[in-house]
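**Q** Pasting a structure below so you can have a look.
The values are calculated or read from the model by the stated rules, or taken from the named source; none is laboratory data. Since the model is a prediction, treat every value here as computed from it, not as a measurement. Using ideal geometry, Cβ is built from the backbone for each residue, glycine included, and neighbour counts are taken over all protein chains shown. With ligands, DNA and RNA removed, areas are computed over all heavy atoms of the protein, side chains included. Shrake-Rupley method; radii C 1.70, N 1.55, O 1.52, S 1.80 Å.
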Amino acid sequence: MNMKEQVNIAVIGLGYVGLPLAVEFGKQYPTLGFDINTARLIKLQQGHDSTLEVDDAELASAEYLTYSNSLDDLKACNVFIVTVPTPINEHKQPDLTPLIKASETIGKVLKQGDIVIYESTVYPGATEEDCVPVLESISGLIFNKDFFCGYSPERINPGDKEHRVTTILKVTSGSTPEIADKVDQLYRSIITAGTYKASSIKVAEAAKVIENTQRDVNIGLINELALIFNKLGIDTEEVLKAAGTKWNFLPFRPGLVGGHCIGVDPYYLTHKAQSVGYHPEIILAGRRLNDGMGAYVVSQLVKSMLKKRIHVEGSRVLVLGLTFKENCPDLRNTKVVDIIAELQEYGMQVDCYDPWINAKEAEHEYGITPVAELAEGQYDGVILAVAHKEFVEMGAKSIRALGKPEHVLYDLKYVLLREAADLRL
C-alpha cells in the first residue's frame with residue numbers, strides 16, 4: 001500500500017507538540033497545519049516558530065506543509081491528528097475543552113473512511129468515551145464503520161535539541177487491528193527511532209499518562225528527602241551524588257515540578273481512578289508534596305533573611321528565571337509563579353528576570369511584568385529558579401553582585417558550587 005498517494009494530513013494545534021510533527025509529515029505528505037491562533041499562523045507563514053522548537057531552516061524544509069484556520073481547507077484532509085493541550089482547571093480536574101472543541105471542528109468535515117488520531121495526554125478511555133461521541137454526533141457518521149480513530153501519545157521534550165520527534169520511539173494504536181496497522185505504518189514513515197504498536201487505544205492512553213506520573217512520584221520522593229536532609233543539615237546534592245554511584249540508582253533531583261506534563265498528567269489518572277471508586281494514595285501524595293515546594297522555598301529564604309537581620313516586609317527579591325525548565329521559552333504551568341506569589345504574601349517587592357520569555361505572554365498568563373535588564377546592588381534576596389545557560393555563564397560572582405552587601409542567595413538548581421550559595425534545595 002502506497003501511503004503517500006492516499007494520505008492528506010491535518011495537524012490540529014500547532015504548539016510545542018503539533019508543529020514539529022507537522023513539519024516532519026510536511027516533508028513527505030500533503031500536510032495542513034491547523035490552528036485557531038491567527039497570530040501564530042502568520043508567524044509560521046513568515047517562516048518563524050516563536051516557541052523555538054523548530055528553526056527557520058527546518059520549517060522551510062517542509063515543502064508540503066501549509067497553514068490555515070479555514071474549515072474549507074480542512075475538508076480536503078483524510079487523516080486528522082489532534083495535538084491540542086489537555087490542561088487541568090483550578091480544581092485540578094481534567095479540562096477536556098480544547099480536545100472536545102477540536103473534535104467538534106473535525107466532526108464538521110469528517111468523511112467516509114477518515115482516520116482521527118489523538119496525541120494529547122488523556123486518561124484511559126477518553127478517546128473512545130469522550131471524543132468519539134462528539135465526532136459521531138457532529139458528523140452523523142458511525143465509529144469503526146464510517147470513520148476510525150487512533151491514539152499515539154506525544155513524547156515531545158520542549159527545549160531538547162537531542163530528543164526530537166523523529167528520534168523518540170513512538171507508541172501507536174488504532175480502533176481496529178487494520179487501522180492500528182495503518183496508524184503504525186504512517187508514523188513509522190517519519191519516526192527514525194521506530195514505533196511500538198500497543199494492543200488498544202486504552203493501553204496507549206494509559207502508557208502515556210503513567211510515563212509522567214512515574215517521574216512525578218520519583219521527584220516527589222527526592223523532594224521529601226531534600227526536606228529531611230535540610231532539617232538534618234546535610235547537603236542533598238552531596239547525598240544524591242554518593243547514592244548515584246550505585247548502577248541502578250535513578251538520577252532524579254529535587255525542585256519545582258511544573259510544565260504541561262509532569263505537573264498535570266497525574267491528575268488525569270487520579271481523576272479516572274476516582275471515577276471507578278479507587279482513591280490513589282501514592283500519586284496524590286507526590287502531587288501534594290511537589291505542589292508545596294514553592295511555599296517551602298520561600299519559607300527557607302525568609303528564615304535565612306531573618307537570621308541575617310534583613311527586614312522581610314518591603315525587602316526586594318530577584319527571581320532569576322520564570323520558565324518551567326531551562327533554555328526554552330515555555331511558560332506553561334511554571335511553578336516559579338508559586339514562589340513569586342508566596343514572596344508577595346510576605347510583603348516583598350519581587351522582580352523577575354528571564355532572557356528566554358516573551359514579556360507580553362508573562363503578563364497575559366500570570367500578570368507578571370519581568371524586568372528588562374539586571375541591576376547590581378539592588379536585592380535583599382536572589383533566587384536562582386531556572387538553570388538557563390545565561391545564568392550558568394554569569395557565575396556566582398556576577399549573581400552575587402546583584403544583591404546588596406547583605407543578602408541571601410538561594411540556588412534551586414545546583415547551578416553554583418555548594419559554598420557559593422547561602423541556600424540550596
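**Q** Checking the conditions here, which among Asp291, Asp216, Asp265 is within 16 Å of Leu425 (Cα to Cα) and open to solvent by less than 70 Å² (accessible area, probe 1.4 Å)?
**A** Only one candidate passes the filter, namely Asp291.
**Q** Right, next: Restricting attention to segment 262-284, does a residue exist that is small (Gly, Ala, Ser), within 25 Å of Glu119 (Cβ to Cβ) and more than 22 Å from the chain's Cα centre (by Cα)?
**A** The answer is yes, given that some residue of segment 262-284 is small (Gly, Ala, Ser), within 25 Å of Glu119 (Cβ to Cβ) and more than 22 Å from the chain's Cα centre (by Cα).
**Q** Those residues that are within 17 Å of Thr334 (Cβ to Cβ), touching a strand residue (DSSP E or B) at 6+ places or on another chain (Cβ under 7 Å) and either in a helix (DSSP H, G or I) or of a type in the set (Lys, Arg) (or both), I need them from segment 246-295; list them, please.
**A** Residue satisfying the conditions is Tyr267 alone.
**Q** Checking Glu178 against (1) without any contact (Cβ under 8 Å) to a residue 12 or more places away in the chain; (2) surrounded by 17 or more Cβ atoms within 10 Å (Cβ to Cβ); (3) charged (D, E, K, R), only one condition comes out false. Which one?
**A** (2)
For every residue, the table says whether it meets (1) aliphatic (A, V, I, L, M); (2) within 19 Å of the chain's Cα centre (by Cα).
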site	(1), (2)
Ile88	yes, yes
Lys92	no, yes
Leu96	yes, yes
Lys108	no, no
Val134	yes, no
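**Q** Hey, can you tell me all the residues within segment 176-229 that are over 20 Å from Asn78 (Cβ atoms), assigned to a loop (DSSP other than H, G, I, E, B), over 22 Å from the mean Cα position of the chain (by Cα) and of a type outside the set (Val, Ile, Thr)?
**A** Once the filter is applied, which keeps residues that are over 20 Å from Asn78 (Cβ atoms), assigned to a loop (DSSP other than H, G, I, E, B), over 22 Å from the mean Cα position of the chain (by Cα) and of a type outside the set (Val, Ile, Thr), segment 176-229 yields Gly194, Ala198, Ser199, Ser200.
**Q** Also, I was wondering about something else. If we keep just the residues of segment 342-367 that are at pLDDT 95 or above and open to solvent by less than 50 Å² (accessible area, probe 1.4 Å), which is nearest to the chain's Cα centre (by Cα)?
**A** Once the filter is applied, the top-ranked residue is Asp354.
**Q** Starting from segment 384-407, take each residue that is surrounded by 16 or more Cβ atoms within 10 Å (Cβ to Cβ) and list its partners that are among the basic types (Lys, Arg) and assigned to a helix (DSSP H, G or I), counting only C-beta distances under 9 angstrom and pairs at least six apart or across chains.
**A** His407/Arg400
**Q** In segment 296-305, is there at least one residue being modelled with pLDDT of 95 or more, over 25 Å from Val386 (Cα atoms) and surrounded by fewer than 17 Cβ atoms within 10 Å (Cβ to Cβ)?
**A** no
**Q** Residues of segment 142-162 being modelled with pLDDT of 95 or more, at negative phi, open to solvent by 30 Å² or more (accessible area, probe 1.4 Å) and not aromatic (Phe, Trp, Tyr), which ones?
**A** Of everything in segment 142-162, those that are modelled with pLDDT of 95 or more, at negative phi, open to solvent by 30 Å² or more (accessible area, probe 1.4 Å) and not aromatic (Phe, Trp, Tyr) turn out to be Ile142, Lys145.
**Q** I'm trying to understand the selection: among the residues of segment 194-213, which are hydroxyl-bearing (Ser, Thr, Tyr) and surrounded by 17 or more Cβ atoms within 10 Å (Cβ to Cβ)?
**A** Hits for segment 194-213 are Thr195, Thr213.
**Q** Same structure, new question: Looking at this structure, is Leu322 among the aliphatic types (A, V, I, L, M) and touching a Pro at 6+ places or on another chain (Cβ under 8 Å)?
**A** Judged against the criteria, Leu322 is a match.
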